[in-house]
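The values are calculated or read from the model by the stated rules, or taken from the named source; none is laboratory data. As the structure is a computational prediction, the values presented were derived from the model and not from experiment. Cβ: placed from backbone, ideal geometry, glycine included. Neighbour counts: every protein chain shown. Heavy atoms of the whole protein, side chains included, go into the accessibility calculation; ligands, DNA and RNA do not. Shrake-Rupley method; radii C 1.70, N 1.55, O 1.52, S 1.80 Å.
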Amino acid sequence: MAAGNSFSGDAMDLPPAAAPAPASQRLLGVRFDALDLTGALALLTAREPTAPFAYVVTPNADHWIRLQDQPRLRPLYDAAWLSLCDSRILRLLAARRGVALELAPGSDLTQRLFNEVIGPETPVTVIGGTEAVVEALRARYGLARLAHHNPPMGFIRDPAAVAAVVDFVRAHPARFVLLCVGSPQQEKLAAAIVAAGGASGIGLCVGAAAEFVAGVKQRAPEWVQRASLEWLHRLGSEPRRLWRRYLLEAPRLLRLMARVPPGGG
């Protein structure tokens, strides 16, 4: 990793965001930009592919709760080029506190990028995910310039492993870099790439979105999504992995939302 990179686990010394941010709202200190899916897609499409690396975060209810417990992680979201609301539930609850959040779910944004922006010759890099997912993505969209690096489990605590990812992103310049290593690892990694310098493109901290776009996992039907019940579909699909998030953290979400000042903050 380049000299001068100040990334070190939870300690952050981040540069400012790569471009002026749109108008935003805050919920207990967490930033949400005033961009819906169409507006976010337009900004991503318009950005120069060779511009210095910048990243997009997609905070959902789980992220928001974590950021209340671990405020040292908030600079990762503040330093992002875009911070987009990923959660219909969070949006619904925020509206009851007088805070109007725009919705731009990371999986939907990624899907539209592949459907409308990314072509067979568009350079794309995927960090994380299995070879099977990447090959399914390559086959579905005919991607001729798809690069993949899957760091080892726990890599974010190993400076050498983080440096290896940074070097891979530098060595494979891409218009879009999908960071699919889970939160908050992917946000920490995005910040490390920015801090190291020398990379280009847009990093998308989108978790499992590549699995949905590749068709390896199925999202909830659209009517379930519109009813703000996608969390229930995901819980039924992966109960052992997600039960704690959706069942134990739900009461905390309601308690924390009650602390949001009317109009946000």
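At-a-glance table
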| read-out | value |
| --- | --- |
| Mean Cβ count within 10 Å, highest first, over the residues of peptides 66-79, 97-110, 188-201 | 188-201, 97-110, 66-79 |
| Cα pair count fraction exceeding 17 Å, expressed as % - segment 140-208 | 37 |
| Interchain or long-range residues, amide H under 5 Å from residue 206's placed H | 179 |
| Semi-axis lengths, Å, segment 165-204, gyration tensor of Cα atoms, sqrt of 5 times eigenvalues | 15, 11, 8 |
| Extended-chain gain in nm, criterion 0.36 nm per residue less alpha-carbon gap, residue 95 and residue 42 | 16.6 nm |
| Rounded percent of accessible protein surface that carbon and sulfur make up, segment 139-219, 1.4 Å probe | 53 |
| Gained length - residue 258 relative to residue 111, 0.36 nm times residue gap less alpha-carbon distance | 49.6 nm |
| Added length on full extension, which subtracts the Cα-Cα distance from 0.36 nm per residue, residue 140 to residue 171 | 8.7 nm |
| Surface per residue (accessible, 1.4 Å probe) for segment 21-128, Å² | 35 |
| When segment 102-183 is reduced to its Cα atoms, the Kirkwood hydrodynamic radius in Å | 13.6 |
| Heavy-atom surface of segment 137-196, accessible at 1.4 Å and reported per residue (Å²) | 40 |
| Alpha carbon centroid spacing (whole Å) that separates segment 82-110 from segment 171-215 | 21 |
